[in-house]
Structure formats: structure tokens, C-alpha cells
1. With +1 on each Lys and Arg Cβ and -1 on each Asp and Glu Cβ, how big is the dipole of the chain about its Cα centre, in debye rounded to the nearest 20?
2. With the Cα gyration tensor of segment 31-87 giving a ≥ b ≥ c as the square roots of its eigenvalues, does the rule (a/c under 1.5 for rounded; else a/b larger than b/c for prolate; else oblate) give rounded, prolate or oblate?
3. How much of the accessible area of the chain, in percent, comes from carbon and sulfur atoms when a 1.4 Å probe is used?
4. Give the shape of segment 44-156 as rounded, prolate or oblate, defined through the alpha-carbon gyration tensor: a ≥ b ≥ c are the square roots of its eigenvalues, a/c under 1.5 means rounded, and otherwise the shape is prolate if a/b is larger than b/c and oblate if not.
5. Looking at the square roots a ≥ b ≥ c of the eigenvalues of the Cα gyration tensor of segment 118-183, which shape do they give, rounded for a/c under 1.5, prolate if a/b is larger than b/c, or oblate?
6. Rounding to the nearest 20 debye, state how big the charge dipole of segment 23-81 is about its Cα centre with +1 on each Lys and Arg Cβ and -1 on each Asp and Glu Cβ.
7. Below 8 Å, C-alpha to C-alpha, sequence gap of six or more: please give me the relative contact order for the chain in percent.
8. What fraction, in whole percent, of alpha-carbon pairs in the chain exceed 27 Å separation?
Amino acid sequence: MNSKTKTAPKTAPVSPVLSLRGVGRTYPTAQGGLTVLKGVDLDILPGQIVGLVGPSGSGKSSLLHAAGLLERPTTGQVIIDGQDAGALDEGARTRLRLNRIGFVYQFHHLLPEFDARDNVALPLRIAGMKAAEAQARAAELLTALGLGERIDHQPAQLSGGEQQRVAIARALANGPRLLLADEPTGNLDPATSQAVFEALRARVRDTGVAALIATHNMELAGHMDRVFALKDGHLEERPAQSQAY
């Protein structure tokens, strides 16, 4: 009897959540065009955390704005979940941004008159979710981020790290595919920064969201899956330490 060698089933390739292809950005100035991005290519897979580093003025925010559909690049393509955003009109871009992208900024921008749960529930209510369901979803997210006992506290009653975790929960409320963060721990002390990043990383792993995080914190960047530096408008990959806290 001839034995047949069994081969392992082929695994389908994982498609990037975010693909940038030849992205360039030039701003008009009195002295002529100022180019901050030059032919940037980047792929981010589901569940992957990518760090973006570089000095102030290097173009990190411009890259995040292009990836988040807040600005149209001068050249190149921004592809989210296989959809070329450049081919969409402004209404379709807005819907794609609301449904697929979450944003976390250096300043949490929480509404001071709302408690933590209401701040997180707000984007869900805007998306049309019923109040009770939105409140339950918000409480679930806040609990997952270690704020289960703080859900009814207003921002002024929370520490800086707690406020930023509320902001992360709000960014994840609508189940985005892509999370963009601009210096999310920039205003925090090292210990709090570590705790906030660890909470964010856990949610990325659990949900499979793809994350692009701009930071000046090189120690923090060393714990991300991949790290890229912007230099003279070009994206250069740097070695990451890939070590757990």
C-alpha cells in the first residue's frame, strides 16, 4: 500500500487593515510647497501595533491625518479594509471614518459634564444605538480597561491615566478596524504611561484592531510590534525590542 504524505492545509493570507501606497503630502506656504511626506508605503495587519516616531515637524501628524481620512494626501493611496478611500466622495469618507476608525489624542477631550460611561456611550448614540444598549456597551469597555468602579465619575474626578483610558474606550466604542493614536501617553508620568499602553495593547490583541501610534517615547515604542521613523519625509523601519513589560 502506498502511503500518502499529508500536507497541512494552506492558511489564507491576512489582509492589511491599513495600506498606504506612495502617500505624499505637500502644504502650500508663502515660500512655496512644503513637502512633509514622500512616497510613504505601510501595511498594518489586524491585531498589530505599529509605532511611528520622529521629531516634532517630521510629519507624524500629517501621516495620521491621511490614514484617518482627515486630510487627503497630495499623492498616493489610503486603503482601509481593501477600500480605496481616495475614490470616495466626502460623505462616504466620513462614514468610513466613523465606522472603521477610532482616534486617541494626547489630550483626552472628554466632555466635563458627562461621566465616564456617558463619554464612551456618546459615539454609540451618534451611530444610532439605543441608550440602554450604548450604556451597557460603554460599561463593558470601561470595565475591560480597569475602570469598572469609575464609570459614574466625571473627568475631573479621574486621574490623568484614567481619563486617557476613558478616551481609549471611547475610540473603541464603535468597534473600529483601525485605531490611530497621537501621543496617547504624552502627558503622563512613566508608570502611568506604561499602564495605559498595556491596557491599550490588551484591547488591540483581544479585538484584532490594527493600531498606529505616534509617540516620542522610545521606550514605549520598543514594546510595539514594529516601529517606523519619519525622516526627511520617508518612512524607515527601526528594530523593535519586542519584549513584554
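The values are calculated or read from the model by the stated rules, or taken from the named source; none is laboratory data. This is a predicted model, so every value here is computed, not measured. All Cβ positions, even for glycine, are placed from backbone atoms using ideal geometry, and neighbour counts span all protein chains on display. Side chains are part of the model used for accessible areas, which takes the heavy atoms of the whole protein and leaves out ligands, DNA and RNA. Shrake-Rupley method; radii C 1.70, N 1.55, O 1.52, S 1.80 Å.
1. It comes to approximately 860 debye.
2. Numbers: a/c = 2.38, a/b = 1.28, b/c = 1.87.
Oblate shape, in that a/c is at least 1.5 and b/c is the bigger or equal ratio.
3. Solvent-exposed carbon and sulfur of the chain make up 52 percent of the total.
4. Values: a/c = 2.22, a/b = 1.61, b/c = 1.38.
In terms of gyration-tensor shape, prolate.
5. It comes out oblate by the Cα gyration axes.
6. Details: 4 positive and 4 negative charges, 46 e Å.
The dipole of segment 23-81 has a size of about 220 debye.
7. Working: 464 pairs, mean separation 65.9, N = 245.
Contact order relative to length: 27 percent.
8. Values: 11682 of 29890 pairs.
Of all Cα-Cα pairs in the chain, 39 percent lie more than 27 Å apart.
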